[in-house]
1. Of Asn113, Asn147, Asn127, Asn142, which residue is under 23 Å from Phe95 (Cα atoms) and over 13 Å from the mean Cα position of the chain (by Cα)?
2. Being modelled with pLDDT under 90, part of a helix (DSSP H, G or I) and aromatic (Phe, Trp, Tyr): is that true of Tyr169 here?
3. Quick check on this structure: which one of Leu72, Leu107, Leu101 is buried (at least 18 other Cβ atoms within 10 Å of the Cβ), of a type outside the set (D, E, K, R) and either more than 24 Å from Cys28 (Cβ to Cβ) or at pLDDT 75 or above (or both)?
4. List pairs: first in the stretch 170-185 and aromatic (Phe, Trp, Tyr), second not in a helix (DSSP H, G or I), Cβ under 6 Å, 6+ apart or cross-chain?
5. So in the stretch 160-179, with the set limited to residues that are of a type in the set (D, E, K, R) and under 28 Å from Tyr115 (Cα atoms), which one is surrounded by the fewest Cβ atoms within 10 Å (Cβ to Cβ)?
Amino acid sequence: MEDNVINFLLKTNDLQKTSRYGDYPKFCESTSEHTFKVILIVDYLYKYLNLSLNYEKCIQLAIYHDFGEMDLEKDVDIRGSVSKNIKEEKDNYEFNKIQELSNYYSLIEKYYNEYKNKNTYEAKFVNACDKLEGMIHPLSVNEPIMNQELFAIYADNAIKNFPIMMPIYKKIKEILKIRYKSWGYEWKKEYDDIFNIDNIEKNESNKNMCLHL
């Protein structure tokens, strides 16, 4: 039993071996750095938004949401994430890694699958926080972003699924719009489509559910 504990503790170190934005050195960080920031964002926004979700589950989902990337040479970048072949290859890697890690701690698979399936409000909230962090990190570097057309709408679907975060997302896009102008990138009208009246009204009932569960 103790051997399993030691093996798991040693294995957790592998989370820092995976590089995010590995093809772009200025933006590079480890998956463990990203995960820590997601946990902080989840904790802060849970209280700021006065959510009535299962707080402990939100934190657990944030901790384990990227464990499938453990020991991966480098994570898939934004451009690669829309490639079917690359995505399938990564999904297969993550499935096998989660199966391996579950031998040490069975709850990892439960939390990981709940996050991936996004069938609960907790998972949708953590996913929205994850995508926000994926935009905030490159913005904090303050260098021209790669794959700008994909980056501008990177968190749109996640925010649609948890629309109480829409005002926060709008502020981030306002900052991004200013940066795009300074970098010489076009800010296209469709980048703001998420904020149109139809989207806001359609998601109002989901917003109320997030607050009163």
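The values are calculated or read from the model by the stated rules, or taken from the named source; none is laboratory data. Owing to the predicted nature of the structure, the values given are computational and were not obtained by experimental measurement. Neighbour counts are summed over all protein chains in view; Cβ atoms, including those assigned to glycine, are modelled from backbone coordinates with ideal geometry.
1. Asn113
2. no
3. Exactly one of Leu72, Leu107, Leu101 is buried (at least 18 other Cβ atoms within 10 Å of the Cβ), of a type outside the set (D, E, K, R) and either more than 24 Å from Cys28 (Cβ to Cβ) or at pLDDT 75 or above (or both), namely Leu101.
4. Once the first residue is aromatic (Phe, Trp, Tyr) and sits in the stretch 170-185, its partners that are not in a helix (DSSP H, G or I) give Tyr180/Trp187; Trp183/Pro144.
5. Within the stretch 160-179, the match that is surrounded by the fewest Cβ atoms within 10 Å (Cβ to Cβ) is Lys171.
For every residue, the table says whether it meets (1) in contact with a Ser or Thr (Cβ under 7 Å, 6 or more places away or on another chain); (2) surrounded by 14 or more Cβ atoms within 10 Å (Cβ to Cβ); (3) not in a loop (DSSP other than H, G, I, E, B).
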site: Lys116; (1), (2), (3): no, yes, yes
site: Val126; (1), (2), (3): no, yes, yes
site: Glu133; (1), (2), (3): no, yes, yes
site: Ser140; (1), (2), (3): no, no, yes
site: Glu143; (1), (2), (3): no, no, no
site: Leu150; (1), (2), (3): no, yes, yes
site: Ala158; (1), (2), (3): no, yes, yes
site: Lys181; (1), (2), (3): no, no, yes
site: Glu190; (1), (2), (3): no, no, yes
